């Protein structure tokens with residue numbers, strides 16, 4: 001199958017926005033407010049942390065907050081401590097710092113950053129590591145989540161898949177993103 | 001009801017590099033936009049990160065809410081439209097309001113002989 005026809009092509013997967021599991025958006029936003037917008041989205045790789053952060057960013061921007069996002073991964077390493085702290089100190093109560101991949105920040109920098117961001121409107125992070133900030137949502141890769149995502153893709157019939165979402169997710173060690181990429185490969189070979 | 005349409009003179013929407021891409025754009029919007037843009041773009045689709053580029057733009061400033069214009073563009077010499085199992089490169093014309101609240105896309109092919117190049121796995 002050609003890439004442009006593959007139902008699991010990246011552009012389509014990017015359009016799969018976060019949908020809360022077992023709760024509602026108002027309850028998430030109330031909890032975030034109760035945490036003074038200082039909270040962590042915690043979970044393993046490929047379980048929707050960044051997707052949830054994107055969705056939160058949209059809601060916070062719509063409420064008039066200014067967002068400042070730092071994305072840290074293998075190809076975008078954490079900036080030096082003075083840069084992160086300098087950024088935090090230049091912001092104010094209408095600013096929210098979003099850090100995707102916060103577990104890559106060293107513990108020393110994190111200690112300074114937590115202090116430097118106290119007068120900000122918020123600090124929301126995604127991380128694999130517990131204990132950095134109070135948890136807002138803990139994401140998990142479940143067969144139900146994978147099934148729900150597949151159901152939202154047009155032109156995909158669950159019975160056409162090479163294996164059940166549960167088996168697929170088991171193969172991918174709970175990483176939903178990897179499971180969707182595996183399904184791309186399956187269709188590419190057709 | 002907001003309607004935007006792009007109608008090509010060549011209904012097969014296939015063009016050769018350097019060839020003439022002509023047609024008509026029309027819009028019928030609830031309110032007059034500040035501007036409309038017709039964009040010639042290419043973008044990739046597939047397994048990896050998407051790339052995209054706006055190659056040419058025709059701008060219609062201060063248009064009325066319902067209007068139409070003919071257009072004529074020259075198909076760039078490259079990149080050519082192609083498709084494999086991992087990546088496809090696609091061309092399109094896009095008609096968008098300057099606020100990008102409303103848009104429509106007309107896929108086209110730009111390649112030698114007006115035929116998308118097919119990549120085959122080794």
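Remarks
- Test: residue in the stretch A:17-28 that is surrounded by 15 or more Cβ atoms within 10 Å (Cβ to Cβ), at pLDDT 95 or above and out of contact with any helix residue (DSSP H, G or I) (no Cβ under 9 Å at 6 or more places or on another chain): no
- Test: residue in the stretch B:35-46 that is over 19 Å from residue B:70 (Cβ atoms) and exposed (fewer than 13 other Cβ atoms within 10 Å of the Cβ): no
- Restricting the stretch A:103-116 to residues that are over 21 Å from the mean Cα position of the chain (by Cα) and touching a residue at least 24 places away in the same chain (Cβ under 8 Å), the residue that is nearest to residue A:90 (Cα to Cα): A:116
- Check on residue A:123, surrounded by 16 or more Cβ atoms within 10 Å (Cβ to Cβ) and over 30 Å from residue A:80 (Cβ atoms): no
- Residue list for the stretch B:1-18, restricted to those being without any contact (Cβ under 8 Å) to a residue 60 or more places away in the chain and either under 15 Å from the mean Cα position of the chain (by Cα) or assigned to a strand (DSSP E or B) (or both): B:3, B:7, B:9, B:10, B:11
- Test result for residue A:40, more than 30 Å from residue A:161 (Cβ to Cβ) and in contact (Cβ under 8 Å) with a residue 40 or more places away in the chain: yes
- Filter result for residue A:74 (at positive phi and not in a helix (DSSP H, G or I)): no
- Picking from residues in the stretch A:62-89 that are farther than 30 Å from residue A:178 by Cβ and free of Cβ contacts under 8 Å to residues at least 24 places away in the same chain, the one that is surrounded by the fewest Cβ atoms within 10 Å (Cβ to Cβ) is A:62.
- Residue A:71 meets all of the listed conditions (1) in contact with a helix residue (DSSP H, G or I) (Cβ under 9 Å, 6 or more places away or on another chain); (2) closer than 18 Å to residue A:140 by Cβ but one, namely (2).
- Residue selected from the stretch B:96-122 under the condition over 20 Å from residue B:68 (Cα atoms) and not in a loop (DSSP other than H, G, I, E, B), by the criterion farthest from the chain's Cα centre (by Cα): B:118
- Of residues in the stretch B:64-115 being without any contact (Cβ under 8 Å) to a residue 40 or more places away in the chain and buried (at least 18 other Cβ atoms within 10 Å of the Cβ), the one farthest from residue A:181 (Cα to Cα): B:81
The values are calculated or read from the model by the stated rules, or taken from the named source; none is laboratory data. All figures in this text were calculated on a predicted structure; none of them were measured in a lab. Neighbour counts are summed over all protein chains in view; Cβ atoms, including those assigned to glycine, are modelled from backbone coordinates with ideal geometry.
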